[in-house]
Protein chains: 2
Amino acid sequence: MKRSIEDTSIVFVGAGNLATNLAKALYRKGFRIVQVYSRTPQAAQALARQVEADHTADLSALADDARLYVVALKDDAFVQLLPEMVQGHEASLWVHTAGSLPMDVWQGHAGRYGVFYPMQTFSKQREVDFGEVPFFIEGNTRQDADLLKEIALALSGKVYEVTSEQRKYLHLAAVFANNFTNHMYALAAELLQKHGLPFDSLLPLIDETARKVHGLSPLAAQTGPAVRYDRYVIDKHLQLLADSPGMQMLYKAVSESIHEKSLHKE
Amino acid sequence: MKRSIEDTSIVFVGAGNLATNLAKALYRKGFRIVQVYSRTPQAAQALARQVEADHTADLSALADDARLYVVALKDDAFVQLLPEMVQGHEASLWVHTAGSLPMDVWQGHAGRYGVFYPMQTFSKQREVDFGEVPFFIEGNTRQDADLLKEIALALSGKVYEVTSEQRKYLHLAAVFANNFTNHMYALAAELLQKHGLPFDSLLPLIDETARKVHGLSPLAAQTGPAVRYDRYVIDKHLQLLADSPGMQMLYKAVSESIHEKSLHKE
């Protein structure tokens, strides 16, 4: 009898934001999370409790019998722990969840391996709706790539198979769209705070800015003084930033970049 | 008998994105839009038709009898046309809708004046829900400030009275939160396009990035390699951008700014 995909038993190595969100989503879809590892016993336990799994803080005590091992650690911890974690489980399928690491980081360690990268920003406080999250999959064999795709499809309608090379650029694009965007919010918040204005008043603008690119390319949606490099407005803004040389420099650099891209629009 | 606020008759000077959205919203709330001016007759007519108003492309033919004149022009056009438009209507209440212009730009021209600034990004294709848009109001008399507040409150629950000085920083913050954020999307889109990846796959991340700061300050929500200035990841990203010196420079500048702000977090 063919096993159903949800019958897949899974060990999680890591109990951070991504691991927590992913393990809970898989658990809710009926997958069996058998064990959670974290070097912080409390973190392993907290996640394990939520997904009815065992937990351990001892990497040499990883469960033997799982079909899939999902590693969600920070890049440097992953690279450091990699040889030790795979030992004794070389025949199982191992995946990491990192946008930035190539698939072949597994080579010479695991026999069956791949990548299972959900492109989203995770926090433990907010539960992410995986139905909307794109998954980028890679496997060292056709069969395992298909298995990973099938698992991802249980969570999300958006599953893509990409190369490690493409994934590097995905991760870099995510840094712009998430980390850098959030920093623009942070600088705006700082300006408002300094002048006794509520950050909340910016939220409708932030939301509309995001909504707009659902229907319009970001290049077409671009507005503001930098598009035509309106020197009058830009100089006034630079004067307002005179007491923040870092922000002033950034304002100039981003404005010049906007202007340059706008010139090449048609 | 006291007039109801919706009885206010309004002339619109300008028929661009902001004027179109604002005039339609006021019209829908029962305000009487009596006339729309634009130097482009087609634009004046297109908006006038939607709000059952007259239209003109002749500034000297502005309607005499309106209680309120709302000017929504580009800053330079406004400053240029200001003396001519007010002539003969000095006793009416005049407002501009610009984040960047001080209230006293009216001084010496109109007798009663103010600012009516809805902080949002507008396009003719997308109708904005004004219920969520913050309005920033200023008036040269207490009475007219109150009248403007009352009109804004008919559209939105978020109405603030601010000084021209504060409004300058609001506008600057909006440049960061809207124009600069959108540019981060544009750079991400360019990277994906170059590597055969769909921009659509970034939308869930973009949406979640915006949603996150509804519950968390942007500083607390900040993640990514720049927070701790993870030189290993940052250097790899800079290498990926080797063929785009402008983007490379921007990546570095934004990362350094993120790192610097993160150091001062606690």
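Since every read-out is calculated from the coordinates, none of them should be taken as a lab result. This is a predicted model, so every value here is computed, not measured. Note that we place each Cβ from the backbone using ideal geometry, even for glycine, and neighbour counts take in every protein chain shown.
Below are the figures for this structure:
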item: Listed residues B:Ala253, B:Ala25, B:Ala110, most fluctuating in chain B (Gaussian network, C-alpha, under 10 Å); result: B:Ala253
item: The range A:177-266: radius of gyration and largest Cα-Cα distance (Dmax), Å; result: 13.9, 41
item: Candidate aspartates and glutamates - alpha carbon under 12 Å from A:Lys212, same-chain residues fewer than 8 apart omitted; result: B:Glu127, B:Asp207
item: The range B:166-257: GluC sites (Glu not before Pro) falling in loop per DSSP and having at most 12 other Cβ within 10 Å; result: none
item: Spatially proximal lysines relative to B:Lys149 (Cα-Cα < 21 Å; intrachain offsets below 8 disregarded); result: B:Lys2, B:Lys24, B:Lys29, B:Lys158, B:Lys168
item: Two-decimal ratio, the protein assembly as shown, of alpha-carbon radius of gyration to 2.2 N^0.38 Å; result: 1.14
item: Within the protein assembly as shown: Cβ-based charge dipole about Cα centre, in debye rounded to nearest 20 (Lys, Arg +1; Asp, Glu -1); result: 380
item: Using a 7 Å Cα-to-Cβ projection, A:Gln80 label spacings across copies, nm, ascending; result: 6.3
item: Chain B: antiparallel DSSP beta bridges as a percent of all, rounded to 5; result: 20
item: Separation of alpha-carbon centers, the range B:89-107 and the range B:162-236, rounded to whole Å; result: 34
item: Extension gain, A:Arg126 back to A:Asp146 (0.36 nm per residue minus Cα-Cα distance, nm); result: 4.2 nm
item: Percent of beta bridges antiparallel (DSSP, the protein assembly as shown, rounded to nearest 5); result: 20
item: Percent RCO, i.e. relative contact order, over chain B, from Cα pairs under 8 Å lying at least 6 residues apart; result: 12
item: Longest to shortest principal axis, alpha-carbon extents of the range B:5-162, angstrom; result: 36, 35, 29
item: Calculated label separations, B:Lys252, copies of the chain, 7 Å along the beta-carbon direction, nm; result: 1.5
item: Most mobile listed residue (B:Arg39, B:Arg228, B:Arg112) in chain B, GNM with C-alpha springs under 10 Å; result: B:Arg228
item: 19 Å Cα-Cα reach of A:Lys252 towards aspartates and glutamates, excluding residues that sit fewer than 8 places from it in its own chain; result: A:Glu190, A:Asp230, A:Asp235, A:Asp243, A:Glu260, B:Glu256, B:Glu260
item: Surface/4 of the Cα convex hull for the range A:11-103, nm²; result: 5.5
item: Pairwise Cα inverse-distance average, inverted: Kirkwood Rh of chain A (Å); result: 21.1
item: Considering only the range B:5-162, percent of DSSP beta bridges that pair antiparallel, nearest 5; result: 20
item: Summed residue charge, Cβ within 12 Å of A:Leu202's Cβ, Lys/Arg positive, Asp/Glu negative; result: -4
item: Estimated [θ] at 222 nm from DSSP helical runs (n ≥ 4, -39500 (n - 2.57)) normalised by residues in the protein assembly as shown, nearest 500; result: -13500 deg cm²/dmol
item: Cα gyration tensor, the range A:148-225 - rounded (a/c under 1.5), prolate or oblate; result: prolate
item: Projected label distance in nm at B:Asp243 and A:Ser4, using a 7 Å step from Cα toward the beta-carbon; result: 4.7
item: Teacher prompt: A:Leu263 distances to equivalent labels in other copies, 7 Å Cα→Cβ, nm; result: 3.4
item: Chain lengthening between A:Glu52 and A:Gln107 when straightened (0.36 nm per residue, less Cα-Cα); result: 16.6 nm
item: Listed residues B:Ser123, B:Ser92, B:Ser217, most fluctuating in chain B (Gaussian network, C-alpha, under 10 Å); result: B:Ser217
